[in-house]
Amino acid sequence: MSVYHLNGPLTDEDVKKLKLGDTVYISGECFTCRSRLQKYIFDEKHTLPFSTEGRNILIHNGPIIVKENGKWKLMSFMPTSSIRFEKWGAKSVDEWNLKMIVGKTTMGASTMAMMKEKKCVHVSPRSVSPNLWIDSIEVQDVHLYDELGRIEAAWFFKVKDLGPFIVDIDAEGNNYFDKLDGEIAERKQKALKDLGIEEDFEFTKLY
């Protein structure tokens, strides 16, 4: 597995070289997004109030940010589960010209297909506590704060060597977790056979 330090805005060449399981650190400008922003834009048909041309890294995150002495201060940073946003995943990649989505877990078939078409990847934290990375993040600005609220607003970050992240969906539509699930299923069957346990075994039900 390779280790990459990438600078945004990302190019097709940047993401096409990334393989499943590679480690990535990110520098450059990005923005945050949760369900309310995507619903506001894609379902309620509002116009995105900023350009993503030079900011094509999206973080599925609702940061905790407070204002101190007239400046925004990041208090908590924890990417959230991306599969929650599968309904809008393909549209986000397509219409916002994304090259990377940062979040936990994975995304579904329609988003993976669009990632393959548009050359975009998904990465997940290689850490139990991304809050340790706060010093790598500078809060630049916020959009739709009044309309969507502090957590659901689109926050602009400038990051420096943010990570490490693992590539879990590559630009060819391959999925690290699907591959891992297959390996686990094979090992489970072998373990059951070695232990003499029938395949239709059910775990004990307490209730």
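The values are calculated or read from the model by the stated rules, or taken from the named source; none is laboratory data. Note that the structure is a prediction, hence the values are computed from the model and not measured. Don't worry about glycine lacking a Cβ; one is built from the backbone with ideal geometry, like all the others, and counts go over all protein chains shown.
Of everything in the range 123-149 that is in contact with an Asp or Glu (Cβ under 9 Å, 6 or more places away or on another chain) and aliphatic (A, V, I, L, M), the residue that is surrounded by the fewest Cβ atoms within 10 Å (Cβ to Cβ) is Leu144.
Are any of the residues in the range 78-99 β-branched (Val, Ile, Thr) and in contact with a His (Cβ under 9 Å, 6 or more places away or on another chain)? Within the range 78-99, one or more residues are β-branched (Val, Ile, Thr) and in contact with a His (Cβ under 9 Å, 6 or more places away or on another chain).
Residues of the range 10-69 that are of a type in the set (Ser, Thr, Tyr) and out of contact with any Gly (no Cβ under 6 Å at 6 or more places or on another chain): Thr11, Thr23, Ser27, Thr32, Ser35, Tyr40, Thr47, Ser51, Thr52. Considering (1) in contact (Cβ under 8 Å) with a residue 12 or more places away in the chain; (2) acidic (Asp, Glu); (3) surrounded by fewer than 19 Cβ atoms within 10 Å (Cβ to Cβ), the lone condition that Glu152 does not fulfil carries the number (3). The listed residues are Phe157, Phe177, and the only one of them that is surrounded by 13 or more Cβ atoms within 10 Å (Cβ to Cβ), assigned to a strand (DSSP E or B) and either at pLDDT below 75 or of a type in the set (A, V, I, L, M, F, W, C) (or both) turns out to be Phe157.
Residues checked against (1) without any contact (Cβ under 8 Å) to a residue 60 or more places away in the chain; (2) surrounded by fewer than 21 Cβ atoms within 10 Å (Cβ to Cβ); (3) hydroxyl-bearing (Ser, Thr, Tyr):
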position	(1), (2), (3)
Leu10	no, no, no
Lys17	yes, yes, no
Asp22	no, yes, no
Tyr25	no, yes, yes
Cys30	no, no, no
Ser35	no, yes, yes
Ile41	yes, no, no
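Of all residues in the range 43-87, those satisfying the criterion of being part of a helix (DSSP H, G or I) and crowded, with 19+ Cβ neighbours inside 10 Å are Ser82, Phe85.
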